[in-house]
1. For segment 100-125, name all the residues that are assigned to a strand (DSSP E or B), under 16 Å from Ala310 (Cα atoms) and among the charged types (D, E, K, R).
2. Could you tell me which numbered condition Phe306 fails, if it satisfies all but one of (1) more than 24 Å from Leu181 (Cα to Cα); (2) within 16 Å of the chain's Cα centre (by Cα)?
3. Return the pair list, or none, for Cβ contacts closer than 6 Å from residues in segment 370-386 that are in contact (Cβ under 8 Å) with a residue 24 or more places away in the chain to residues that are part of a loop (DSSP other than H, G, I, E, B) and of a type in the set (Val, Ile, Thr), at least 6 apart or on different chains.
4. Among what's in segment 135-162 and is under 15 Å from the mean Cα position of the chain (by Cα) and surrounded by 20 or more Cβ atoms within 10 Å (Cβ to Cβ), pick the residue that is nearest to Asn276 (Cα to Cα).
5. Considering only residues of segment 142-184 that are among the β-branched types (Val, Ile, Thr) and not in a helix (DSSP H, G or I), which is nearest to Ala202 (Cα to Cα)?
6. In the set Glu196, Glu242, Glu259, Glu221, which member is among the acidic types (Asp, Glu) and without any contact (Cβ under 8 Å) to a residue 24 or more places away in the chain?
7. Could you go through segment 206-225 and let me know if any residue there is in the same structural domain as Arg251 (by TED's automatic domain parsing), in a helix (DSSP H, G or I) and within 29 Å of Asn334 (Cβ to Cβ).
8. Being in contact (Cβ under 8 Å) with a residue 60 or more places away in the chain and under 20 Å from Val376 (Cβ atoms) is the filter; apply it to segment 347-362 and report the residue that is surrounded by the fewest Cβ atoms within 10 Å (Cβ to Cβ).
Amino acid sequence: MTALLTRRSLALGTAALLAAPSVARAQASLRLVIIGGGFGGASAARFARDTYPDVQVTLIEPRTRFVTCPYGNLVIAGKRQLPEISFGYDAVRARGVTVLHDRAAGIDAAARSVRLAGGQSLAYDRLILSPGIALRWGGIEGYDEAASELLPHAWVPGDGGQTALLRRQLEAMEDGGVVGLAIPANPFRCPPGPYERISMIASYLKRAKPRSKILALDAKEGFSKQPLFQDAWAALYPGMIEWVPGNRDGRVVKVDPRERVLETEFGTKHKVAVANVIPPQSAASIAIEAGLANAGGWVEVDPVTFEAKAAQGIHVIGDANTAPPMPKSGFIANSTSRQAVASAIALARGGQPPGNPTYFNTCYSHCGDEYGISVVNLFRPGGQGFVETPNSGGISPRGDHPEQRRLEAVYADAWYKAITDYMFGA
């Protein structure tokens with residue numbers, strides 16, 4: 001099954017994710033505060049303003065421009081430029097959202113307030129927390145924030161500096177060099193992301209440095225869309241990519257940043273010309289410091305309301321929560337934001353959250369020029385967590401389908417434009 005998305009179909013589909021409750025009038029305006037202005041938070045702000053015009057919506061985001069993780073791999077490959085994946089918040093303000101470019105420094109769940117790094121304290125009736133991830137510095141021996149300036153992760157875009165750094169290192173590498181990747185165990189942000197990155201780096205090397213190789217050292221024994229990616233690698237980049245799974249000594253446990261050496265579990269040392277180290281991850285520090293996260297570093301949530309199990313009144317969406325089998329993806333963050341907002345407003349007004357929600361995921365990956373693949377899933381609350389709806393999704397077919405691969409690359413571009421227009425457009 002191939003997912004076909006246009007801007008109009010995304011808008012219609014996401015609007016139908018839940019039957020939004022009618023706007024109930026309250027004596028005092030309800031205060032909804034949102035922390036994080038990415039796929040989850042910006043989507044929540046848009047939905048809240050469109051659906052609940054009498055609610056005060058405040059978005060807290062330290063950056064004045066948001067650089068997306070999706071399409072960052074195309075920047076690394078030289079197929080996009082950073083300004084093309086960077087978005088400001090003027091249109092968000094124009095909708096009536098109060099946007100504060102400050103860092104949320106702490107949450108007092110009992111007092112229902114957020115403390116900002118600038119000194120301000122904001123009271124809320126309900127809080128949407130979408131802070132993203134933190135990299136677990138030290139999760140790989142020798143890999144800390146300083147090491148990332150030599151061995152970039154390019155996994156938390158920030159201002160795009162890490163993405164640009166990895167691109168510069170690839171450009172500076174001599175033809176014939178080896179590009180090494182260290183890929184973490186689950187869970188982590190964007191499960192197919194490392195393998196799209198392998199593909200995009202290979203596409204650049206094929207054009208500019210055809211004698212070079214890629215060594216992908218993986219802590220896992222399998223990965224998302226694996227047969228499709230490996231089919232693409234065999235067809236587009238024969239002999240260029242070596243993927244080493246965890247059961248064949250692929251788990252990187254130590255790095256030497258200055259020597260660019262990646263050391264695996266059983267002591268094998270790989271010296272490379274360029275290294276992209278994607279370390280283990282957790283929910284962002286504000287979620288952990290607020291006492292919301294479990295021992296694994298992720299926030300457990302109610303599958304209907306997305307309210308944190310550790311604190312009432314705080315709804316956690318996006319990569320910071322743990323919601324298996326749902327992946328940590330931009331589309332899931334966008335999709336679930338609506339249910340979280342509707343639940344937050346309903347509960348704040350003494351009502352019931354919308355029932356029987358469906359959460360959508362569509363994930364496209366670029367493998368090369370005019371070569372895209374995708375997977376689609378539907379999820380629902382079930383048991384104590386989430387379940388995938390049987391026979392509801394699909395994945396691109398294997399085999400020789402050049403026109404479908406071309407069209408899926410086109411659909412990927414349409415999906416990206418549609419979802420970023422929804423978050424940051426007029």
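The values are calculated or read from the model by the stated rules, or taken from the named source; none is laboratory data. If you're wondering where the values come from, they're calculated on a predicted model, not measured in any experiment. Quick reminder, even Gly has a Cβ in these numbers, built from the backbone with ideal geometry, and neighbours come from all protein chains shown.
1. Across segment 100-125, the qualifying residue is only Asp108.
2. (2)
3. Taking only residues 6 or more apart or on different chains, the pairs are Arg380/Thr358; Arg380/Thr389; Pro381/Val304.
4. The qualifying residue nearest to Asn276 (Cα to Cα) is His153.
5. Selected residue: Val179.
6. Just one listed residue meets the conditions, Glu259.
7. So far as segment 206-225 goes, no, none of its residues is in the same structural domain as Arg251 (by TED's automatic domain parsing), in a helix (DSSP H, G or I) and within 29 Å of Asn334 (Cβ to Cβ).
8. Thr358
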